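Note sheet for the following structure.
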Amino acid sequence: MATLPAHGSGTFHLGGTTPMHRLGFGAMRITGDGVWGPPKDHANALAVLRRAVDLGITFIDTADAYGPDVSEDLIAEALYPYADGIVIATKGGLTRQGPSQWAPVGRPEYLRQCCEMSLRRLKLDAIPLYQLHRIDPRVPQDEQFGVLKDLQDEGKVVHLGLSEVGVAEIEAAAQHFTVATVQNRYSLGHREHEAVVDHCDAHGIGFIPWYPLDAGKLSSSDVLTETAEALGATHAQVALAWLLRRSATMLPIPGTGSLAHLEENTDAATFNIKDEHFKKLNAATKAAV
């Protein structure tokens, strides 16, 4: 059988045990405007999810806050029963008050409820990767980390991850459970989490960059255009290929509600940025900061 595009991104073993292809799909943008309510085109959202799997994507990231609930419901409708090797990741701990509004709630009883409801919506016996969407500053960290560990011990989740954290918070969580992934904003044009990427790389922790297509001030730069022309790629594909080259633990999850953009994003896994262009992109990024 021919190799599928996403397979070109290579394989990462989540928590050292669960294999998946490194280029995944972020299911935030299959919801309504402001990540609120249902998509304008329900059938298209289902088609995008199914096509992602057809392209070889095995890692799908969502959250109960996307919609809320909408993204998880769509994933189950489109893909259940899940094919062998599909890894569904979701998150809990952010509440929604309206379009583009988000507020963390980290009370243990609420996080437990989030997990239980995600299990129901996704039709899973155990969630392959469950992530704390944000650490709630009003609740002791140990209480939030502790309930996640309880959920893991009870078999409701397999692996655990964090989102929007620094190295100190990763190390604090590691006192309670093995941190399998960290999901922070990171891209070619948004690189303030370099220390976290390096920490994850050194410890075999999957780093999931959200908003991975953001090229920032490099969007119209000569070096980005030069690299794209050398590869025969688009600027977006260069941004994704750069992430895959940046670290072996990098797990980009470009999200889209467009079939055409999904195809373009997934094809990025087939491009290999050479040393010369990789160094130029890094230098240009630092100069743009």
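The rule of thumb for compact globular proteins, 2.2 N^0.38 Å, goes into the C-alpha radius of gyration of the chain 0.96 times. Mean sequence separation of contacting Cα pairs (under 8 Å, at least six apart), scaled by the length of segment 143-263, corresponds to a relative contact order of 21 percent.
With R₀ fixed at 45 Å, the C-beta to C-beta distance from LYS123 to GLU194 puts the FRET efficiency at about 0.70.
What is segment 153-242 by shape, rounded, prolate or oblate, if you read a ≥ b ≥ c off the alpha carbon gyration tensor as root eigenvalues and call it rounded for a/c under 1.5, prolate for a/b larger than b/c, and oblate otherwise?
On the way: a/c = 3.27, a/b = 2.44, b/c = 1.34.
Note, shape of segment 153-242 comes out prolate.
Nonpolar atom fraction for the chain, defined as the carbon and sulfur part of the 1.4 Å probe accessible area, stands at 51 percent.
Report the residue, chosen from ALA269, ALA168, ALA248, that carries the largest GNM mean-square fluctuation when the chain is represented by alpha-carbon nodes joined by springs under 10 Å. Of ALA269, ALA168, ALA248, the Gaussian network model singles out ALA168 as fluctuating most.
So what's the net charge close to LEU162: Lys and Arg +1, Asp and Glu -1, counting the other residues with Cβ under 12 Å from its Cβ?
Values: positive: LYS91, ARG134; negative: GLU164, GLU169, GLU171.
Local net charge: -1.
The residues of the chain present an accessible area of 42 Å² per residue when probed at 1.4 Å with all protein chains retained.
So, in Å, what gap is there between the alpha-carbon centers of segment 2-70 and segment 80-110? For segment 2-70 versus segment 80-110, the Cα centre distance is 14 Å. The Cα atoms of segment 48-178 cover 41, 33, 25 Å along the three principal axes, with the biggest extent listed first. Taking every C-alpha pair closer than 8 Å and separated by at least 6 residues, the mean separation divided by the residue count of segment 63-110 gives a relative contact order of 33 percent. A simple count of charges around LEU213, restricted to other residues whose Cβ falls under 12 Å of its Cβ and scoring Lys, Arg +1 and Asp, Glu -1, yields 0.
Could you give the length gained by full extension between VAL167 and THR225, i.e. 0.36 nm per residue of separation minus their alpha carbon distance, to one decimal place?
Going from the current span to full extension adds 17.5 nm.
Amide H contacts for VAL87 (H built 1.01 Å from N in the peptide plane; partners 5 or more residues away or on another chain; cut-off under 5 Å): PHE59, ILE60.
Largest GNM mean-square fluctuation among ARG138, ARG191, ARG246, using the chain with Cα springs under 10 Å: ARG138. Between HIS235, HIS159, HIS42, the GNM of the chain built on Cα springs shorter than 10 angstrom shows HIS42 fluctuating the most. Of the peptides 178-185, 148-155, the order by per-residue mean of other Cβ atoms within 10 Å, starting with the highest, comes out as 178-185, 148-155. Normalised by the number of residues in the chain, the mean separation of alpha-carbon contacts (under 8 Å, six or more apart) gives a relative contact order of 19 percent.
Remark: the chain carries a charge dipole of roughly 240 debye about the Cα centre, counting +1 on each Lys and Arg Cβ and -1 on each Asp and Glu Cβ.
The values are calculated or read from the model by the stated rules, or taken from the named source; none is laboratory data. It should be emphasised that the depicted structure is a prediction, and the values quoted were computed from it without experimental measurement. Heads up, the Cβs are rebuilt from the backbone with ideal geometry, glycines too, and the neighbour counts pull from every protein chain shown. With ligands, DNA and RNA removed, areas are computed over all heavy atoms of the protein, side chains included. Shrake-Rupley method; radii C 1.70, N 1.55, O 1.52, S 1.80 Å.
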